[in-house]
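Presented below is the structure to which this report refers.
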Amino acid sequence: MPESRCMQGIWSSPWLFILAASGSAVGLGNIWKFPYMVGENGGGAFLFVYLLCLLLVGLPVLIAEVALGRSVRSNPIDTINDLHERHIVTKGWVFVPYLAGLAGFLILSFYSVIAGWALAFFERSLKGVFKGVTKDETQGIFSTLVGTPTEMLAWHSVFVLLVILCVGQSVTRGLAMLVKILLPVLIVMLFGLSIYSSIVGDFDKTVSFLFSWNWNQITPDVVLAAVGHAFFSLSIGMGGMFAYAAYMSKHMSIARACTIVVGVDTLVAILAGLVVLPLVFSLNIDVDTGPSLTFVSLPVAFGRLPGGLFVGAIFFLLLILAALTSAISMLELFVSWLHERFYVSRLKAAFGLGVGVWLLGFISLLSLNEWKDIHIFGFIIFDFLDKFTSLILLPMIALLLSVLVALRIPRNMLENELITRNPKHFKWWYNVLKFCSIPIMVVITVGGWIGV
Ligand code: TRP
């Protein structure tokens, strides 16, 4: 166990872990991805399955990941190596955390391209470009951006550089402090915007779209999309959350901390849906438009709102910061491992990985324009990376992690970690993980391989 990590690292207040974990969870996934995923997958049907997935799979797996991280207090790679040396797991398990690091790396490559869109829209808000714009104009602004690789590359580079500089510093206090201010402001702002949207937009249609469904809308594709998004949105996959858990105080209840993180993440996603969808319906934008949905609909509202240009600039700034606190957690696994194992400075490790992320991101942003004819399994590279990570890699890693925790790790080791006051809660969690989450994930993982 690395001495320095424990001594400097333990979050001095229980809230600091919750803040860092929420910072990882709340990001582009909530504000950019959730509204268009709901739109693409039939509204209420998706929301219903998504909420169910959070409860039956997301939360139990998150608790498993955090419990494992806190019990060993080391980075995931050394943790599994250590379990292997103690003959608790076989050699094959040692590869799982590398897969997790790879997932973070792959996700960050396209995530930073989208964060680049937010940077570009931030700049345009400051310049007043959105004043009085129509839907067609914002669509034009968005397509021009996506069709201009040089501009996207510039913003993508800025974002990757920011991530390198942040991960290069130590992960602890600064991040939690940022999230402490960021999250409440973001939530209040989304709340205010959702009220505005409900007044100027089509609120009735949004409510019936979001909160009613037909059973026959719940298709395997919808379920797969919902589970994949639950993992994505909660940052599950053994990377960042595991690493943050290693810094968590022993006295904190893991179940409570994780429940709060899931609650905050879901609140932000639903608020984002309530902001974006009423505008989409009133502007007659196709609800299944896909990734451009948030970027096309919101600026129209900002352009009309009194003081909206300022509100828009603040909104995109918050979105960039939320993306940054998530992006940091994607690189944390490999950076902390390189630092602790090979004594590479954090900055050097972050820089090396950042260059790889930058290159892969460059390729995926080219696939949106110059290279849009290159397809992998029928998808452009950008979509392929998104689908491959959310629908295959994350569910697979989460499954392996859950099997490890539920079936390999000695029960008493977990009990020590998890039983704080109420042993019943432990039993509940253990049984749900074993008999509900794992079977669901087996089906999903197999389905993901077949479906993609
Ligand atoms: N949860 C983040 C979001 O919603 C994305 C994210 C951060 C993530 N870390 C991750 C996704 C690790 C998968 C794995 O934007």
**Prompt:** Under the classification rounded if a/c is under 1.5, otherwise prolate if a/b is larger than b/c and oblate if not, where does the stretch 352-400 fall, given a ≥ b ≥ c as square roots of the Cα gyration tensor eigenvalues?
**Reply:** oblate
**Request:** Please get the size of the charge dipole for the chain, origin at its Cα centre, with Cβ charges of +1 on Lys and Arg and -1 on Asp and Glu, quoted in debye to the nearest 20.
**Result:** 1260 debye
**Message:** For the stretch 330-452, take every pair of Cα atoms, bin their distances at 5 Å starting from 0, and report each bin as a whole percent.
**Reply:** 2, 9, 12, 12, 13, 15, 14, 12, 7, 3, 1, 0
**Probe 1.4 Å - accessible area at Lys250, Å² to nearest ten** = 100 Å²
**Message:** Per residue of the stretch 149-162, what does 6.51 cos²θ - 1.76 cosθ + 1.60 with θ = phi - 60° give for ³J(HN,Hα)? Whole Hz please, x for Gly and Pro, Karplus curve as stated.
**Reply:** x, 5, 5, 4, 5, 4, 5, 4, 5, 4, 5, 4, 4, 4
**Request:** In nm, give the distance between the simple-model label positions of Asp204 and Lys372, each being 7 Å from the Cα along the Cα-to-Cβ direction.
**Result:** 3.7 nm
**Message:** Compute and list, largest first, the equivalent-ellipsoid semi-axes of the stretch 3-451 from the alpha carbon gyration tensor, each √(5λ) rounded to a whole angstrom.
**Reply:** 34, 24, 21
**Asked** Could you give the distance between the Cα centres of the stretch 276-300 and the stretch 38-54, to the whole Å?
**Response** 18 Å
**Request:** Using Cα positions and a limit of under 25 Å, work out the lysines in reach of Lys205, with same-chain residues fewer than 8 apart set aside.
**Result:** Lys33, Lys135
**Prompt:** Excluding same-chain residues fewer than 8 positions from Lys434, which lysines have a Cα within less than 25 Å of its Cα?
**Reply:** Lys91, Lys250, Lys424
**Request:** Round to the nearest 10 and report in Å² the accessible area of Ile438, as given by a 1.4 Å probe over the protein chains' heavy atoms.
**Result:** 20 Å²
**Complete:** With the 1.4 Å probe rolled over protein heavy atoms, the chain has an accessible area per residue in Å² of 39 Å²
**Prompt:** Taking the stretch 296-380 as the region of interest, what is the percent of Cα-Cα pairs per 10 angstrom bin, listed from the shortest bin to the one with the maximum distance?
**Reply:** 15, 24, 28, 25, 8, 1
**Request:** Using label points projected 7 Å from each Cα along Cα→Cβ, tell me how many nm separate Ile363 and Leu267, to one decimal.
**Result:** 4.1 nm
**Message:** Can you tell me the length gained on complete extension of the stretch Ile88 to Arg256, counting 0.36 nm per residue apart and subtracting the Cα distance?
**Reply:** 57.7 nm
**Message:** With a 1.4 Å probe and all protein chains kept in place, how do Tyr36, Tyr343 rank by accessible area, largest first?
**Reply:** Tyr343, Tyr36
**Asked** So what's the gap between the Cα centers of the stretch 322-373 and the stretch 256-273, to the nearest angstrom?
**Response** 26 Å
**Asked** If you roll a 1.4 Å probe over the chain with all protein chains in place, what percent of the accessible area is carbon or sulfur?
**Response** 67 percent
**Asked** Label Leu99 and Leu347 with points 7 Å out from Cα along Cα→Cβ: what is the distance between them in nm?
**Response** 3.6 nm
**Complete:** Measure of exposure for Leu353: accessible area at 1.4 Å probe, Å² rounded to 10, is 30 Å²
**Prompt:** Which listed residue (Ala246, Ala103, Phe130) has the Cα farthest towards the positive end of the charge dipole for the chain, taking +1 on Lys and Arg C-beta and -1 on Asp and Glu C-beta about the Cα centre?
**Reply:** Ala246
**CD proxy at 222 nm, helix term only [per DSSP H run n ≥ 4: -39500 (n - 2.57); per residue of the chain; nearest 500]** = -23500 deg cm²/dmol
**Under 29 Å from the Cα of Lys348 - lysines, other chains or at least 8 residues apart** = Lys180
**Prompt:** Do any trypsin sites (Lys or Arg not before Pro) in the stretch 314-376 lie in a loop, going by DSSP, with at most 14 other beta-carbon atoms within 10 Å of their beta carbon, and if so which?
**Reply:** Lys372
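The values are calculated or read from the model by the stated rules, or taken from the named source; none is laboratory data. Source: prediction; values computed, not measured. Don't worry about glycine lacking a Cβ; one is built from the backbone with ideal geometry, like all the others, and counts go over all protein chains shown. Protein only, heavy atoms only, side chains kept; ligands, DNA and RNA dropped before computing areas. Shrake-Rupley method; radii C 1.70, N 1.55, O 1.52, S 1.80 Å.
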